Amino acid sequence: MEAVSYSAYQNMDEEQLKQILENLEKDNDTLSRENKLYESYIERNKDSEPDPRQLEETEVKEEKKGKRGKKVQQQVKQKKTLTLQEKYDIATQELEDLKKEIQKGQKDSEELLDMLKAILNEIDMNIAEIKREAHEFKRDIVLGSENSRTGNIVAEKLIKYIEDKLKQKDSAIAKYKSQNEQLEKKIKKERQKIAKKEKASDDLQFIDFHQLQIENKKLVRDIDERNKELITLKLTSGRCTLRLTNVKTTLQKEEKELEQLKHEIVEFKKQIEKNEEDIKKVTDTSKRLGGDLRNLRLQKSQADNLPSVTDYINLKDQESTFSKQVKTLERKIEIAQPNYYKALKLLKRQTVELS
């Protein structure tokens with residue numbers, strides 16, 4: 001904030017002064033937090049880096065002695081204020097240190113929690129063991145070894161019970177000792193592995209770390225490209241799925257139409273068979289009537305005498321009846337023939353499509 005003269009403050013009203021005061025408080029709060037951050041950074045790195053204050057004092061002394069002149073003065077001025085990059089580096093370093101402390105605290109708390117859980121489990125097991133031993137002691141010694149005549153506990157049974165318990169404790173102690181030795185060996189091996197890893201990490205040079213950063217950036221770019229390819233493939237897969245759904249819907253419709261056509265073909269076949277039977281019947285009837293008509297005409301031509309009027313009338317009636325029947329059958333044949341030809345064409349077309 002730029003400096004303001006006293007007369008300028010006198011010309012301001014109460015609201016402006018209040019706003020300036022709030023801005024100053026915010027700036028002071030920000031500077032206070034920055035100072036705490038820098039103090040923490042200096043406290044963390046005081047063993048590995050020189051103190052900037054001592055460096056400034058040394059440079060000022062050297063400047064007074066006239067050893068460095070203007071160059072030292074410029075360096076002192078540069079040390080008085082931090083650049084944005086330096087502030088960013090300090091804040092980043094403090095953030096990383098804070099994360100490491102949080103992770104270490106979480107690890108320590110988890111180890112402590114595991115240890116407390118193990119202790120609680122051991123206590124529960126001890127309580128259950130004590131209850132079980134108390135129940136067995138009451139059952140075997142207090143009630144089982146009591147003399148029914150005198151009411152006193154038999155000493156031999158009590159001594160034998162105590163000796164058995166001591167033997168069990170000794171065997172358990174030996175077992176726990178062997179397990180403890182095995183666990184100590186495992187712990188020693190793991191500590192040696194950890195020491196080797198720490199030594200290997202200490203040997204890691206800045207060039208290796210820089211190379212790892214370059215490889216990490218390259219891998220991040222590759223991951224971004226793969227993610228883009230994955231998104232593209234997902235979109236393509238979605239479109240293919242949509243097309244497949246449409247094709248399946250169309251296929252289902254075509255299958256329904258095919259089933260309907262098959263049913264129609266069966267019906268047409270039945271109709272064709274029925275029409276063929278009707279045509280056969282009509283043909284047979286027509287042949288029979290034609291034969292009868294020829295016989296009648298032959299009989300008429302072969303007769304020596306002319307028939308009587310009654311016979312003539314009867315023959316005419318029969319001829320008229322036969323003619324009507326022939327016309328009726330011919331009409332049926334004419335009606336049935338288009339359906340027959342249509343069914344034959346449809347049957348041929350469906351046969352070609354199915355093949």
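Mind checking whether some residue in region 176-188 is within 30 Å of Asp140 (Cβ to Cβ), polar (S, T, N, Q), modelled with pLDDT of 85 or more and more than 31 Å from the chain's Cα centre (by Cα)?
Within region 176-188, the first condition is being within 30 Å of Asp140 (Cβ to Cβ), and the residues that meet it are 176-179.
Those left that are additionally polar (S, T, N, Q): 178-179.
Filter once more, so that each one left must be modelled with pLDDT of 85 or more: 178-179.
Still in the running and more than 31 Å from the chain's Cα centre (by Cα): 178-179.
There is at least one residue in region 176-188 that is within 30 Å of Asp140 (Cβ to Cβ), polar (S, T, N, Q), modelled with pLDDT of 85 or more and more than 31 Å from the chain's Cα centre (by Cα).
Where in region 1-65 are there helices (runs of 4 or more DSSP H), lying wholly inside it, with at least 1 residues that are closer than 23 Å to Ala91 by Cβ and modelled with pLDDT under 55?
52-65
For residues in region 95-133 being of a type in the set (Asp, Glu) and over 37 Å from the mean Cα position of the chain (by Cα), which is farthest from Ala172 (Cα to Cα)? Only one residue tops the list, namely Asp124. Within region 337-351, the set of residues being of a type in the set (S, T, N, Q), over 54 Å from the mean Cα position of the chain (by Cα) and loosely packed, with under 13 Cβ neighbours inside 10 Å comprises just one member, Gln337.
Quick grid of which residues meet (1) among the aliphatic types (A, V, I, L, M); (2) at pLDDT 85 or above; (3) surrounded by 10 or more Cβ atoms within 10 Å (Cβ to Cβ):
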site	(1), (2), (3)
Gln192	no, yes, yes
Glu198	no, no, yes
Ile207	yes, no, no
Gln213	no, no, yes
Lys217	no, no, yes
Glu225	no, yes, yes
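Just to be sure before I move on: is Ala128 part of a helix (DSSP H, G or I) and modelled with pLDDT under 85 in the structure I sent?
no
The rows are residues; the columns are (1) surrounded by 10 or more Cβ atoms within 10 Å (Cβ to Cβ); (2) within 60 Å of the chain's Cα centre (by Cα).
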| position | (1), (2) |
| --- | --- |
| Gln252 | yes, yes |
| Lys280 | yes, no |
| Glu319 | yes, no |
| Gln325 | yes, no |
| Ile335 | yes, no |
| Glu353 | no, yes |
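Annotation note: Cβ proximity below 9 Å between a residue of region 122-133 that is more than 16 Å from Tyr176 (Cβ to Cβ) and a residue that is at pLDDT below 90 (sequence gap 6+ or interchain) occurs for Glu133/Lys165.
The values are calculated or read from the model by the stated rules, or taken from the named source; none is laboratory data. Because the structure is a prediction, the values reported are computed rather than measured. Here the Cβ is made from the backbone with ideal geometry for all residues, glycine too, and neighbour counts use every protein chain on show.
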